[in-house]
């Protein structure tokens, strides 16, 4: 049995940690994951159901849950069929991710920043990576010094993902000298990339 401590971890980290533990099993065995919220329990249960693993969950106390998965050597944990509440289907070549803000969605700015960081981390865990990451307007800050997702974006670039940031946007926000990953681009290239993309994802 492998025990995974995901207490205090935000989505999608509990799912990623559990996925990696299942890989370590080498085919079959039991993975026990500790989490501190019911959403994580639901995400892990959904992953197990989709993979055909036996899964049981138990509330151990206030803010403490245990999810136990039994793997019998069926479908590999990294198969293309896997989908979870924290992951979109793995995009194929020609997919462009357009980030136009430093937060994801509307509502709480703090939550939005957390969600965007989680989304960019989740991209690093996909079996098939997007072809291009495009950052513009407020999203330009994500490729600059101080970005909470800088290491994840660097990881994607190291794996061959093209990272482009709008030069006009960097200049407008006074970030020209703070770019730390990828290349500066212009509006013509932005239009060209968007028009030529097979799929566009906008978090």
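The values are calculated or read from the model by the stated rules, or taken from the named source; none is laboratory data. Values in this document were obtained by computation on a predicted structure and should not be read as measured data. Methodologically, a virtual Cβ is constructed for each residue, glycine included, from the backbone with ideal geometry; neighbour enumeration extends over all protein chains shown.
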Inside the range 65-97, the number of residues satisfying the requirement of being under 14 Å from the mean Cα position of the chain (by Cα), surrounded by fewer than 20 Cβ atoms within 10 Å (Cβ to Cβ) and either at pLDDT 95 or above or not in a loop (DSSP other than H, G, I, E, B) (or both) is 0
If we keep only residues of the range 25-50 that are buried (at least 16 other Cβ atoms within 10 Å of the Cβ) and closer than 21 Å to residue 123 by Cβ, then the residue farthest from the chain's Cα centre (by Cα) is 46
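Being crowded, with 16+ Cβ neighbours inside 10 Å and touching a strand residue (DSSP E or B) at 6+ places or on another chain (Cβ under 6 Å) is the requirement here; does residue 22 meet it? Quick ask: steps written out before the conclusion?
Working: crowded, with 16+ Cβ neighbours inside 10 Å: yes; touching a strand residue (DSSP E or B) at 6+ places or on another chain (Cβ under 6 Å): yes.
Taking the combined requirement at face value, the residue satisfies it.
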Residue count, the range 123-149, condition touching a residue at least 40 places away in the same chain (Cβ under 8 Å) and over 27 Å from residue 191 (Cβ atoms), comes to 2
Checked the range 178-196 for anything surrounded by fewer than 17 Cβ atoms within 10 Å (Cβ to Cβ) and either on the phi > 0 side of the Ramachandran plot or in contact with a helix residue (DSSP H, G or I) (Cβ under 9 Å, 6 or more places away or on another chain) (or both); matches are 178, 180, 186, 187
Picked from the range 1-16 (must be at pLDDT 90 or above and crowded, with 19+ Cβ neighbours inside 10 Å), the residue farthest from residue 56 (Cα to Cα) is 6
